């Protein structure tokens, strides 16, 4: 586009300065969206969406490159992903490898990136006053990346660690197996993550210089004309335009097309196969998959939505309804899965019961019967109109989301080929009706072009009784067979089951969208207490910020019975699961119509919530409460859900090591926490009669506390509370029963370690949580200081332990906040021994951080504090985030609605000298008042300590490290209960002010 004579896409007009072209058609946006948009095209053909939001706290940008791991060379699988990692490690203009991350950390920012099949997406957010500086650093990654030789080896190990983090994840294993079993002639067959084998060892054997190949890959594909850029900030659109021109016009334009492959990923050789897969966890599922037309070109109609609406329905007449009646399934999901340019998949996944596993061919038959029924019925106008109406409503009342996520998603959507004027609305709206295109999509779900995965540990369903093949990259065991001739015969002569029929009209579609908007200069900053009795407290805030026709109804049903023993906890969970199971058919229509409910167990009892369009919220709430009171336990469903819970408790052992470290840290520091083993022991002997007898007692004595926030008046909020009060009719708890659980306080100079093995013998990773508890955790001073310390430590910690020392892909530092206690924590997952990890954390604190704080200049300290304050003072993005803020204070028991402002004031008073003193007395591992507790989760595999790369010519050899040891005076915890018994408890949470201060009774 360097010359005015160049042909521009429709709707673009060259700017009079010749620096770019402006898109002149109006961009369709939600009526609820008050941002300003401008679409431009730079002289290098980079398309840029500029967004002005005068109220945004965080500015953001995202750049999406239309190339992903489908373009990896066969002999360098994972190269696109490796490039995504290494791109961030310095540029010609900003050579310091952590310049970008350090700048963002100092200005309330963050960044991330991901590599997809056919795209790579980079994004960041930053405090709104620092967008220009962040954009300048960001743009250089696409103009002059350093691809430093020094960083290459470290980031290779980061890629390898990321892969090893996922080795025991069933979702990653199944995804790679699906790819592995596709056509070898299609790049979908390849291994996209990459590891040391594909990116170092194998290339090394062939004499390939990976860095050279990475630079070639970048030079070949990182072209401006296949990139899309989004910039979001407070600045006027003219200023954002100028920055885009100045900073991104120098990205090279190679004039290439996005790489695509014309071969199908599945040929006749790969179809009509059943793959029997052994999972890590005890799960049972059937996934039926079809090759499907790429849906992006059909974005004006979204034909697959009609198909998914019907196949994925959970109401009467649906596939799931029939399977549940037969006792064969618990859940079903259906929908398209985008592959790459020109190809897509349609997948139907069924969560099977034991009997359903044995009858998987019958399950398959029912799915095809339903598809055939859809064909015969044709496209029904009432269903199409419902889908169209719900899509329009969703777009009309679309709320804002965090800036970086919005920018990232929009940059990706811009790659889909939508008309530029519809780039914001194209993913939502359905324009007109096209039954023919819907039927073409439905006809792609053919009886002769599908394949399936049957996932279960049970070998009795596997022909030959064994998984005799092993996938290369994850070690997944599997067996492949042709679909049985008997099943194919039945599919060729389908007889429809009369129990299957189309969904009926949806009674929950909202009709009243009136918000009675009144301009409000100073919205309320707290909810109002509108009911306050020994039985019930109701808090209310009529939405005066977002003005959407939605409401969030949250109710805590506090019960001293629910968590009084492992048995009662399990009974409560069974009751909740059985209730939700019984309401599935009724509530599914509400869910489709943008209104959902949830009932969850907590250590305090249960939380019941209803969220979505307010028009029919009371109707759904009334039905849920009625069912809570009158539930009849179905013995067959009980045993199926009991089996689900049994597997859930057992599968916890197979979670990632760092999650086990966090879990046992919670166990050690919480007053009461029942373990999965304790709950599992109680579960097996329970009967339907036990739950039928238990739940009336559970509901008989409750304290009800609710928050009604959104488009609902106070009178209707009280009505919602009355529905629960009268529907459940509980007796009142005595005041002492309202006290919440507390936390254990560590003694001064505590140096305790709890160690246990990773339960999964095949997991190569170990996990660590290292926790430094501080004194006076309830005080504003302590809370402010620990948050400032976490802010200052965050970026140096990641840079040292993750980037430089390569301890593992997962390195986290931050605040651990519990009732009555708080502290600083470090969480790591690594192939290295937990003792080594702990020693490196302590070395980081004793050397790197001590020096960093000692040498920190006052202006650098101010940057860090201001960055933290800006993040804390961010405005709520949508109704739900505001609700969460109020609800968090209510369920905490403190009701400190002004906590945020108080903490910010304290942070502003906190000086650098105060923080140095705080670090010396409470954070340094050697400090007298330091109180440390760590949890070591040790892999059962022999740790493979990576050998440091050989030194480059002229450089000193790397010193050999001695085996790490724990600090002198460390106490090993052998008796968990005994250790907890010796600890003091914190104060129980109690309102920080008289609640009547907020009352309007």
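The values are calculated or read from the model by the stated rules, or taken from the named source; none is laboratory data. Here the structure is a predicted model, which means the values were calculated and not measured. Glycine also receives a Cβ, built like all others from the backbone with ideal geometry; neighbour counts cover every protein chain displayed.
Laid out as a table, the results:
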read-out: Some residue of segment 702-714 being assigned by TED's automatic domain parsing to the domain that holds residue 621, part of a helix (DSSP H, G or I) and free of Cβ contacts under 8 Å to residues at least 40 places away in the same chain; value: no
read-out: Residue within segment 479-500 that is at pLDDT 95 or above and under 30 Å from the mean Cα position of the chain (by Cα) present; value: no
read-out: Tally of residues being at pLDDT 95 or above and loosely packed, with under 10 Cβ neighbours inside 10 Å across segment 944-974; value: 1
read-out: Residues located in segment 225-254, provided they are part of a helix (DSSP H, G or I) and in contact (Cβ under 8 Å) with a residue 24 or more places away in the chain; value: 225, 226, 237, 240, 241, 243, 244, 245, 247, 248
read-out: Filter pass, residue 520 being touching a helix residue (DSSP H, G or I) at 6+ places or on another chain (Cβ under 8 Å), surrounded by fewer than 18 Cβ atoms within 10 Å (Cβ to Cβ) and in a loop (DSSP other than H, G, I, E, B); value: no
read-out: Residues of segment 196-209 that turn out to be part of a loop (DSSP other than H, G, I, E, B), more than 12 Å from residue 79 (Cβ to Cβ) and touching a residue at least 12 places away in the same chain (Cβ under 8 Å), as a count; value: 1
read-out: Test: residue 475 is without any contact (Cβ under 8 Å) to a residue 24 or more places away in the chain, outside the structural domain of residue 167 (by TED's automatic domain parsing) and surrounded by fewer than 14 Cβ atoms within 10 Å (Cβ to Cβ); value: no
read-out: Residue in segment 771-779 that is on the phi > 0 side of the Ramachandran plot and without any contact (Cβ under 8 Å) to a residue 24 or more places away in the chain present; value: yes
read-out: Residue in segment 385-408 that is in a helix (DSSP H, G or I), under 19 Å from residue 506 (Cα atoms), more than 30 Å from the chain's Cα centre (by Cα) and modelled with pLDDT of 95 or more present; value: yes
read-out: Odd one out for residue 538, checked against (1) more than 28 Å from residue 593 (Cβ to Cβ); (2) not in a loop (DSSP other than H, G, I, E, B); value: (1)
read-out: Strands (runs of 3 or more DSSP E) contained in segment 9-99 and holding at least 3 residues in contact with a helix residue (DSSP H, G or I) (Cβ under 7 Å, 6 or more places away or on another chain); value: 36-42, 47-52, 58-65
read-out: Residue check for residue 26: over 29 Å from residue 430 (Cα atoms) and modelled with pLDDT of 95 or more; value: no
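Matching residues to (1) over 19 Å from residue 132 (Cα atoms); (2) within 28 Å of the chain's Cα centre (by Cα):
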residue	(1), (2)
15	yes, no
34	yes, yes
43	yes, no
46	no, no
51	no, yes
55	no, yes
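Yes or no, residue by residue, for (1) at pLDDT below 95; (2) buried (at least 20 other Cβ atoms within 10 Å of the Cβ); (3) touching a helix residue (DSSP H, G or I) at 6+ places or on another chain (Cβ under 7 Å); (4) under 30 Å from residue 503 (Cα atoms):
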{"position": "538", "(1), (2), (3), (4)": "no, yes, yes, no"}
{"position": "563", "(1), (2), (3), (4)": "no, no, yes, no"}
{"position": "575", "(1), (2), (3), (4)": "no, yes, yes, yes"}
{"position": "582", "(1), (2), (3), (4)": "no, no, yes, yes"}
{"position": "589", "(1), (2), (3), (4)": "no, yes, no, yes"}
